[in-house]
Protein chains: 2
Amino acid sequence: MTKRTDRRADALSRERIVEAAIAILDAGGEGALTFRALAARLATGSGAIYWHVADKDALLAAATDHVVTQAMSGVGGGEADPRAAIRVIALGMFDAIDAHPWVGAQFSRAPWQPAMLRVFEAIGGRVRALGVPEGAWFNAWSALVTYIFGAAGQNAANARLQAPGTDRSAALADIAGGWARLDPADYPFLRQVAPQLAAHDDRDQFLAGIDLILAGIGTVR
Amino acid sequence: MTKRTDRRADALSRERIVEAAIAILDAGGEGALTFRALAARLATGSGAIYWHVADKDALLAAATDHVVTQAMSGVGGGEADPRAAIRVIALGMFDAIDAHPWVGAQFSRAPWQPAMLRVFEAIGGRVRALGVPEGAWFNAWSALVTYIFGAAGQNAANARLQAPGTDRSAALADIAGGWARLDPADYPFLRQVAPQLAAHDDRDQFLAGIDLILAGIGTVR
DNA sequence: ACCTGAACACCGTTCAAGT
DNA sequence: ACCTGAACACCGTTCAAGT
């Protein structure tokens, strides 16, 4: 009957472990998250972590869930216009993955997590409000969700590829320079588009894709 | 001056290593590819592989390049209608990743590979032929390419999640069942589309997304 | 030039032993 | 109930030594 409620303020908990994992992931990427590093940061033994999380996959899933939940809480849902609401939700995911690039690789690993379901539902609800026939809902929803997580993931991968501290626009200029030097007979399109690659804004381009899909959905009668 | 051209038929080569790696990846997934397993299959020492490839990243990149190159060689480019050609190229990528699910995770890791450039150009060339204003080319191209690789990657991830030998439609039915049991107040959309999730064909759904984007591009004047 | 395989510096995970 | 940290069975990569 003496249930101890006065635990040490710094007692280990799933929540504290997940937060420490996110800090390590944000600072050093996926490669930096080891149970030894995590145990050191939490001033405990590496085995202690296993009392609270099943394994590394579960830890990454919990960290992803945490980030997505936080991102979704920021996008309210107050927008009356379903198109505007879809843009807000999509940008919320984009920005969250941009801030935590390691999240991008996790979606594919655990796509049916609770937090993901909330994103799925949020998009689906707006698709329903878009005024397209019911038979088109599923494909319209699927295209949007696929694009949002695919694009955000790829963008995060690009960010991950860069050496930390490198200038993003310089790296992009490098790639664009490579495209500009391709054989004009074999790569006319990439040569032509190279300057736009160098100058483009990832966020604007992401949103332009959303708008194209929304425009496509608008043609379904 | 005695250049040996009569090497053993089974001499190690980058090509043989990459092929063995693909075989291992196809059979056992990304986790199965170790230098020890690869060396055993090639009947050599693990260190020998490093004479031909720089490291594991380079090996995965080479394997991915091989698969994409093969897939692209199968999609000719004979279609006159640019929309039809885009569908053929997209489906070619989809099927290649479906057959080699591990490829899906690699795109994000090395997006500027030679084989990828050929896919990029192939899509870009058709976008140009679509008859939209030049100012819209870059965003139209980007949306298509993002969707193609994002969707194919996510689909491959779903395949990877399944226990090997498991029935895909049974797994999908499981997830759909979970959606059908969600709280109707919180998840009306997911509940409603659950039956479609259980019945849908990944390939058809992928193509429906391509068609939505193409329809959206068609609205740009 | 190319191959061998032991050695090194790591991992994730387990588990007897502690409190 | 929860924590400790050594131990186990792996990794990728290196490198002296061979042919």
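The values are calculated or read from the model by the stated rules, or taken from the named source; none is laboratory data. Since the structure is predicted, the reported quantities are computational estimates derived from the model, not experimental observations. All Cβ positions, even for glycine, are placed from backbone atoms using ideal geometry, and neighbour counts span all protein chains on display.
Screening A:ALA61, A:ALA157 for residues that are hydrophobic (A, V, I, L, M, F, W, C) and at pLDDT below 95 leaves exactly one candidate, A:ALA157.
One residue stands out among those in segment B:1-42 that are modelled with pLDDT of 95 or more and of a type in the set (S, T, N, Q): the one that is nearest to B:HIS66 (Cα to Cα), which is B:SER13.
If the condition is being of a type in the set (A, V, I, L, M) and more than 8 Å from every other protein chain (Cβ to nearest Cβ), then segment A:135-155 contributes A:ALA136, A:LEU144, A:VAL145, A:ILE148, A:ALA152.
Please determine whether any residue of segment B:116-125 is within 13 Å of A:ALA151 (Cβ to Cβ), facing chain A (nearest Cβ under 7 Å) and crowded, with 18+ Cβ neighbours inside 10 Å. No, segment B:116-125 contains no residue that is within 13 Å of A:ALA151 (Cβ to Cβ), facing chain A (nearest Cβ under 7 Å) and crowded, with 18+ Cβ neighbours inside 10 Å. What about B:PHE149, is it within 20 Å of A:PHE107 (Cα to Cα) and crowded, with 20+ Cβ neighbours inside 10 Å? Spelling it out, B:PHE149 is indeed within 20 Å of A:PHE107 (Cα to Cα) and crowded, with 20+ Cβ neighbours inside 10 Å.
Table: residues versus (1) at the interface with another protein chain (Cβ under 9 Å from one of its Cβ atoms); (2) modelled with pLDDT of 95 or more.
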| site | (1), (2) |
| --- | --- |
| A:PRO133 | no, yes |
| A:LEU161 | yes, no |
| A:ALA176 | no, no |
| A:ARG181 | no, yes |
| A:GLY209 | yes, yes |
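Checking each residue in segment A:171-218 for being under 29 Å from the mean Cα position of the chain (by Cα) and in a loop (DSSP other than H, G, I, E, B) picks out A:HIS200, A:ASP201.
Of the residues making up segment A:79-99, none is within 16 Å of DNA strand D (Cβ to nearest atom) and surrounded by 13 or more Cβ atoms within 10 Å (Cβ to Cβ). For the criterion of being exposed (fewer than 14 other Cβ atoms within 10 Å of the Cβ) and either under 23 Å from B:ALA156 (Cα atoms) or more than 16 Å from DNA strand C (Cβ to nearest atom) (or both), A:GLY74 passes. When segment B:189-207 is filtered for residues that are over 21 Å from A:GLY150 (Cα atoms) and more than 7 Å from every other protein chain (Cβ to nearest Cβ), the ones remaining, listed by number, are B:ARG191, B:GLN192, B:ALA194, B:PRO195, B:ALA198, B:ALA199.
When restricted to residues that are within 14 Å of chain B (Cβ to nearest Cβ), in a helix (DSSP H, G or I) and within 15 Å of DNA strand D (Cβ to nearest atom), segment A:19-72 contains 3. Pairs are defined by a Cβ separation below 8 Å, a sequence spacing of at least 6 or placement on different chains, a first member in segment B:104-124 that is farther than 15 Å from B:ALA58 by Cβ, and a second member that is in a loop (DSSP other than H, G, I, E, B) and of a type in the set (S, T, N, Q); the pairs so defined are B:GLY104/A:SER108; B:ALA105/A:SER108.
Annotation: B:THR166 fulfils all but one of (1) crowded, with 17+ Cβ neighbours inside 10 Å; (2) part of a loop (DSSP other than H, G, I, E, B); the unmet one is (1).
A residue that is under 22 Å from A:GLY218 (Cβ atoms) and part of a loop (DSSP other than H, G, I, E, B) occurs somewhere in segment A:117-129.
Scanning segment B:93-115 for residues that are assigned to a loop (DSSP other than H, G, I, E, B) and within 12 Å of chain A (Cβ to nearest Cβ), we see that the one that is farthest from A:ALA151 (Cα to Cα) is B:GLN113. A single member of A:LEU144, A:LEU161 is surrounded by fewer than 21 Cβ atoms within 10 Å (Cβ to Cβ) and either touching a residue at least 24 places away in the same chain (Cβ under 8 Å) or under 18 Å from the mean Cα position of the chain (by Cα) (or both), and it is A:LEU161.
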